[in-house]
1. Scan the range 177-197 for residues that are outside any loop (DSSP other than H, G, I, E, B) and either surrounded by fewer than 21 Cβ atoms within 10 Å (Cβ to Cβ) or touching a Lys or Arg at 6+ places or on another chain (Cβ under 8 Å) (or both) and jot them down.
2. Give all pairs with beta carbons closer than 6 Å in which a residue from the range 423-450 that is open to solvent by 10 Å² or more (accessible area, probe 1.4 Å) meets a residue that is among the β-branched types (V, I, T); count only pairs at least 6 apart in sequence or on separate chains.
3. What pairs come out if I take residues in the range 290-317 that are within 14 Å of E250 (Cα to Cα) and pair them with residues that are surrounded by fewer than 22 Cβ atoms within 10 Å (Cβ to Cβ) and of a type in the set (D, E, K, R) whose C-beta lies under 7 Å away, six or more apart or interchain?
4. If you check every pair at least six apart or on different chains, which have Cβ atoms under 8 Å apart with a residue in the range 4-30 that is under 19 Å from P54 (Cβ atoms) and open to solvent by 50 Å² or more (accessible area, probe 1.4 Å) first and a residue that is among the small types (G, A, S) and modelled with pLDDT of 90 or more second?
5. Which residues, taken from the range 501-541, are surrounded by 14 or more Cβ atoms within 10 Å (Cβ to Cβ), out of contact with any Leu (no Cβ under 8 Å at 6 or more places or on another chain) and part of a loop (DSSP other than H, G, I, E, B)?
6. Return the only residue of L487, L530, L493 being touching a Phe, Trp or Tyr at 6+ places or on another chain (Cβ under 9 Å), at negative phi and hydrophobic (A, V, I, L, M, F, W, C).
7. Could you tell me which residue of the range 94-125 is most open to solvent (accessible area, probe 1.4 Å), considering only residues that are of a type in the set (S, T, Y) and modelled with pLDDT of 95 or more?
8. Tell me, which strands (runs of 3 or more DSSP E) wholly within the range 296-391 include 1 or more residues that are within 28 Å of A150 (Cα to Cα) and touching a helix residue (DSSP H, G or I) at 6+ places or on another chain (Cβ under 6 Å)?
Amino acid sequence: MIRDQIKNELEKVAREAGFDKIELEVLPTTDPKFGDYYSSVALKIAQVQGKQKPVEIAKQIVAKLPKSDDVFTVEIAPNGFINVTLTAGFLQSQAQKIIEQNESYGRNEIGKGKKARVEFVSANPTGPLHIGNARGGPLGDTIASVLEFAGYKVLREYINNDKGNQVFELGKSLAAKAGLIDASDKELTYVGGYTDDLSQEVKKELNKDKNLPEDQIVMKAGEIGTRLMHKDIINDISDAGIKFDLVVNESELQKKLPPALKLLEEKGLLKEQGGATWFLLGEGFDERRDAVVIKSDGSYTYFGADIVYHKEKFESGYDLILDVFGSNTSGHVPKIEAIVSAFGFDASKLKVILYQFVRVKRGEQVIKMSKRAGNFVTAKEVLDEVGKDAFRFTLLMYDSNTHMDFDLEQAKKQSEENPVYYVQYAHARVSSILKKAKQEGFSLENLVKADLKLLKTNSEIALIRKLVKFPELIEDIVGSESYPVHLLPLNTLKIADELNRFYERTRVLGEEKETTEARLALMMTTKIVLANSLQLMGISAPEHM
């Protein structure tokens, strides 16, 4: 990576000047007038040194940098920032690599020989998958795809919470609606429209068992309801283009809990209090976060399943354990970190991504509830209305750590106002140009031999500049603690913008043969980067629209 080369050369100069402990960064600029990258190393040295102004130190550093005029040029800003601009010749050579590498462009070997487990969604099967939980679907799936693109072997996994008090409460609601037990509406926890359909299924299956004790009817009704809801949730997830490699039931994990608790007891990490069994988070953790594992009635909490599951995850020998959870589970994270440490595993292998809530809007109107669910908007309703591609792209567009609005009207528009349509149309546009060129006798297979040095105009170079940053984008996502995959859709929008500017100012077909071939090669590079980006996001790349 050219960015790494620039950083290495700056670090070498800083070391020679006696500043080897300075944390040096080379970052992309936000404004092209400042070049492609910048470094604040001179400012950091000035803070430590306290003698010279940053601009003076920057001049000394730049003077010692090896000459690389064929790759990049360097300028010093008045504030002492060192700005680096890639040359047209270097950019042209990188565009050549895009065509040569094609579908492999952007891949790296950061994760070569490593394995990652990514758990995401894991929705409670007591109701339909809601849009808030659904945000974790495209997020976790795309992180998994990017990790695979970076060489990791990835396992996508899901926990089905088919055990616990919520199952009993669902069963109570369904059994009451099925007429199998007596209960007032005030006693029922789950009352959404979906329970009407579920209660009919419960009635069919339990009609012959209606003379069983009430608690058994309720438990059986809960098991039937969660089984059917889990099936619906997995179908909705599948409609969003997501498939899991492993689905684990909480009921199966609870069976393995006693041996795990015995190990914790031997370590002195369990206590009895108020008739319940608690896990002590231990040194370095807030004791107020100590967690109940066995309730006073003898039943296990959800955290019990997490104890077993994370023990199994780490024992499986994977190099990265990634949990993608909703922000409402933030209090759960220290408990998981503590249990990983308690079993003696390397806690640095555990990464947790928390995503914020989604508000659904129709234009300016906020939609607060679903007819089916009763108190939230379901993922299925949004999927059915806007389609898989808009569903995924919209949910991916925002940093997972921020709240977001999902505008149904915008997501349905067949115009440039709809971000996913805008990007897909850009891919379809270059595909159409290439198809027409083929009809006119140009060999698309030979574009790898095109003379890209003919690409000299500002709009051509600007487009190349956007395209060649794709491998760095992948590297940045994989190398970050937060796995910011929202950068993928944002980057495709920037490419589409630059393509439109190019298209407005430049004619591809109808020029001299060599010039046309060079510009067709540029269209091919654009198509490759857009297609690779869309594929990572699980979104289709249409050839025509």
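The values are calculated or read from the model by the stated rules, or taken from the named source; none is laboratory data. Because the structure is a prediction, the values reported are computed rather than measured. Cβ sites come from the backbone with ideal geometry, for glycine too, and all protein chains shown count toward neighbours. Note: accessible area is taken over every heavy atom of the protein model, side chains too, but ligands, DNA and RNA are not part of it. Shrake-Rupley method; radii C 1.70, N 1.55, O 1.52, S 1.80 Å.
1. If the condition is that a residue be outside any loop (DSSP other than H, G, I, E, B) and either surrounded by fewer than 21 Cβ atoms within 10 Å (Cβ to Cβ) or touching a Lys or Arg at 6+ places or on another chain (Cβ under 8 Å) (or both), then D185, K186, E187, Y194, T195, D196, D197 are the ones that fit.
2. The qualifying pairs are I433/V508; V448/I99.
3. Cβ pairs passing all conditions: T301/K295; F303/K335; V308/K256.
4. What qualifies is K7/S39; E25/S39; E25/S40; L27/S39.
5. Hits for the range 501-541 are T506, E511, G538, I539.
6. L493
7. The residue in question is S104.
8. By residue number, 320-326, 350-355.
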